[in-house]
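Just below is one structure, and these are the notes that go with it.
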Amino acid sequence: METAATTWTEEELMALPKDGYKRELIEGEIIMSPAGYRHERIVAALLSAMLPHATKHRLGVVCGSGLGCWMNSGNLLSPDISFIAKSRLAVTAAEKEKYLRGAPDLVVEVLSPWDRSPRLQEKLPDYFSSGARLIWVLDPAEKTVLVYRTPEPDRLLRVIDTLDGEDVLPGFRLPLAELFAELSFE
């Protein structure tokens, strides 16, 4: 934990150091959550698959963990990967420089070994009440994905299954075996 406060302005949050650490504002407290190698490799692989798909089909924008999203609760969350449908994109130049108002349409969270499940479980209702339509929670250790359409899991995908963007990121499909594959450079 870096610091605690009861109220923060957007300007104060944006002025925090750009030191590579992901920060979220949860109930007035700044929470830092650095990630490990496996976490970031999986985030990069999924992001690099989602981005060209969303761009090619003109569906919206894919962002990494630096995107701050203001929840209706007043929390500022930063999913590991976000997809925002084109109908919800910022219009003015000033809006494009600020944090997203509401949750992305698709939220992706990748668990790290030190992630505390209760904190993630607290975020899910926040995301859905702020506009999320689909959430993927990837567990690299178990090579599984929990798919959420509500704060309760909808289904569990295993390494033999395929991640599907459904109606939120139409046409996007990625076999989990590819996403969770161990790299070999021999």
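So here's what we get for this one:
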| read-out | value |
| --- | --- |
| Count - residues of region 139-172 that are under 18 Å from Ala54 (Cβ atoms) and out of contact with any helix residue (DSSP H, G or I) (no Cβ under 9 Å at 6 or more places or on another chain) | 5 |
| Among residues of region 112-123, those that are in a helix (DSSP H, G or I) and either modelled with pLDDT of 95 or more or among the basic types (Lys, Arg) (or both), counted | 2 |
| Top-ranked residue of region 138-186 - restricted to ones that are among the β-branched types (Val, Ile, Thr) and in contact with an Asp or Glu (Cβ under 8 Å, 6 or more places away or on another chain), ranked as farthest from Arg38 (Cα to Cα) | Val168 |
| Of all residues making up region 142-162, the number that are closer than 16 Å to Pro104 by Cβ and part of a strand (DSSP E or B) | 2 |
| Unique residue being under 15 Å from the mean Cα position of the chain (by Cα), under 21 Å from Leu59 (Cα atoms) and of a type outside the set (S, T, N, Q) when the list is Val137, Val145, Val108 | Val108 |
| Region 163-181: number of residues that are in a strand (DSSP E or B) and acidic (Asp, Glu) | 1 |
| Yes/no for Arg23 being surrounded by 14 or more Cβ atoms within 10 Å (Cβ to Cβ), of a type outside the set (Val, Ile, Thr) and modelled with pLDDT under 65 | yes |
| Residue match in region 69-92 (condition: of a type in the set (Gly, Ala, Ser) and modelled with pLDDT under 65) | yes |
| Test for Ser48: is it at pLDDT 90 or above and over 25 Å from Ala177 (Cα atoms) | no |
| Scope region 68-91; condition in a loop (DSSP other than H, G, I, E, B) and either among the basic types (Lys, Arg) or buried (at least 18 other Cβ atoms within 10 Å of the Cβ) (or both); matching residues | Gly68, Met71, Asn75, Ser78, Pro79, Asp80 |
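The values are calculated or read from the model by the stated rules, or taken from the named source; none is laboratory data. All values reported here derive from a predicted model rather than from experimental measurement. In this analysis, Cβ positions are derived from the backbone assuming ideal geometry, glycine residues included, and neighbour counts consider all displayed protein chains.
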